Amino acid sequence: MKKYRLLVTVIIAMGIILIGTSNPITNLQKYTNMINKQDIQNKQDNKKNSDKTTDNKPSNKSNNSTKPNNNYLICIDPGHQEKGDPNLEPVGPGSSNKKARVSSGTAGIATKKPEYVLNLEASTVLKHILEGKGYNIIMTRESHDVNISNSERATLANEKKADMVIRVHADSLDNSSKTGASILIPEEGGKYTSAIYEDSNKCAESIKQSMNEAGINLNGIFQRGDLTGFNWSKVPVVLVEMGFMSNYNEDQMMSNPDYQRKLMQSIADGVEDYFRNK
Ligand SMILES: [Zn+2]
């Protein structure tokens with residue numbers, strides 16, 4: 001009987017151990033499954049997060065990088081017109097100082113071409129190059145028989161909320177040996193133009209660099225506080241004097257389609273660099 005009792009006790013004890021240990025084993029398996037599931041869940045969450053990070057990248061990039069070219073509006077002003085208008089207009093808003101509304105400009109010593117004709121020729125080339133880069137363009141004039149004063153040209157760009165104004169002109173001087181392009185910008189700290197000086201100067205610097213790279217003969221950047229077309233402008237503005245019509249060779253060069261295109265390409269490239277670095 002004692003052996004039998006001992007056997008029964010042993011069986012009961014083993015049963016208790018089995019029952020006792022079955023729960024930990026089951027629990028261990030459950031925990032293992034939970035850990036595995038948690039692990040997988042974590043991995044999935046990480047993946048989702050990394051996916052989100054990836055998803056966010058393009059929008060972050062588009063927020064931080066420059067806008068595409070078609071977000072910008074550029075106003076091109078081909079200087080002068082067929083008949084000047086000697087009637088006076090204020091040189092700036094509220095100014096008692098007055099100048100002729102607009103003149104007909106100079107003329108070529110070799111080509112005999114009027115400046116207003118050359119300005120529109122070159123401006124049209126510039127328009128096509130900038131449109132090719134995707135920019136939106138408005139022109140102050142596309143024919144010669146118009147009467148738009150310098151303040152009215154500036155006001156047009158203001159009202160259209162242009163991002164930049166490019167004024168296209170050609171120089172003349174009594175000294176026929178003088179050559180080279182010049183870039184004019186509003187005066188720093190000018191009474192009417194302090195708000196547009198910085199961006200005008202940045203764009204001018206960018207055009208200067210581009211002209212230098214293209215091998216264009218350039219005299220430099222000059223500030224002007226006396227130009228009606230600058231003083232009325234709320235939009236950053238640069239005026240490019242393409243060269244001297246009073247110099248025989250430069251006058252002919254400016255009417256050469258290849259040189260004209262090279263010059264306008266360098267202006268357009270400079271403008272594009274300006275907007276990219278803005
Ligand atoms: Zn001019």
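Miscellaneous remarks
- Residues that are of a type in the set (Asp, Glu) and under 23 Å from the mean Cα position of the chain (by Cα), drawn from the stretch 158-182: 159, 163
- Filter pass, residue 133 being within 16 Å of the ligand (Cβ to nearest atom) and either assigned by TED's automatic domain parsing to the domain that holds residue 240 or within 16 Å of residue 263 (Cβ to Cβ) (or both): no
- Pairing each residue of the stretch 183-196 that is within 16 Å of residue 91 (Cα to Cα) and basic (Lys, Arg) with any residue that is open to solvent by less than 10 Å² (accessible area, probe 1.4 Å) and outside any helix (DSSP H, G or I), provided the two are 6+ apart or on different chains, yields C-beta distances under 9 Å for 191/92.
- So residue 125, is it open to solvent by less than 40 Å² (accessible area, probe 1.4 Å) and under 25 Å from residue 173 (Cα atoms): no
- Close pairs (7 angstrom Cβ cut-off, 6 or more residues apart or separate chains): not assigned by TED's automatic domain parsing to the domain that holds residue 108 in the stretch 161-180, open to solvent by 60 Å² or more (accessible area, probe 1.4 Å) and away from the ligand (no atom under 15 Å from the Cβ) anywhere: none
- Test: residue in the stretch 243-256 that is within 25 Å of the chain's Cα centre (by Cα) and closer than 21 Å to residue 105 by Cβ: no
- Qualifying residue in the stretch 188-201 (condition: aromatic (Phe, Trp, Tyr), open to solvent by 20 Å² or more (accessible area, probe 1.4 Å) and under 21 Å from residue 80 (Cβ atoms)): no
- Checking 212, 217, 119 one by one, the residue that is of a type outside the set (Ser, Thr, Tyr), assigned by TED's automatic domain parsing to the domain that holds residue 101 and open to solvent by less than 70 Å² (accessible area, probe 1.4 Å) is 119 and no other.
- Of the helices (runs of 4 or more DSSP H) contained entirely in the stretch 148-253, those carrying at least 2 residues that are of a type in the set (Asp, Glu) and more than 14 Å from the ligand (Cβ to nearest atom) fall at 150-159, 194-214.
- Selection within the stretch 102-116 - of a type outside the set (Gly, Ala, Ser) and within 12 Å of the ligand (Cβ to nearest atom): 102, 106, 114, 115, 116
- Hey, residue 241 under 25 Å from residue 90 (Cα atoms), assigned by TED's automatic domain parsing to the domain that holds residue 95 and open to solvent by 80 Å² or more (accessible area, probe 1.4 Å) or not: no
- Pairs, first among the small types (Gly, Ala, Ser) in the stretch 108-120, second more than 10 Å from the ligand (Cβ to nearest atom), C-beta under 6 Å, six or more apart: 108/251; 110/248; 110/251; 110/252
The values are calculated or read from the model by the stated rules, or taken from the named source; none is laboratory data. Note that the structure is a prediction, hence the values are computed from the model and not measured. Virtual Cβ from ideal backbone geometry, glycine too; neighbours counted across all protein chains shown. When the accessible area is computed, the model is the full protein with side chains, heavy atoms only, and any ligands, DNA or RNA have been set aside. Shrake-Rupley method; radii C 1.70, N 1.55, O 1.52, S 1.80 Å.
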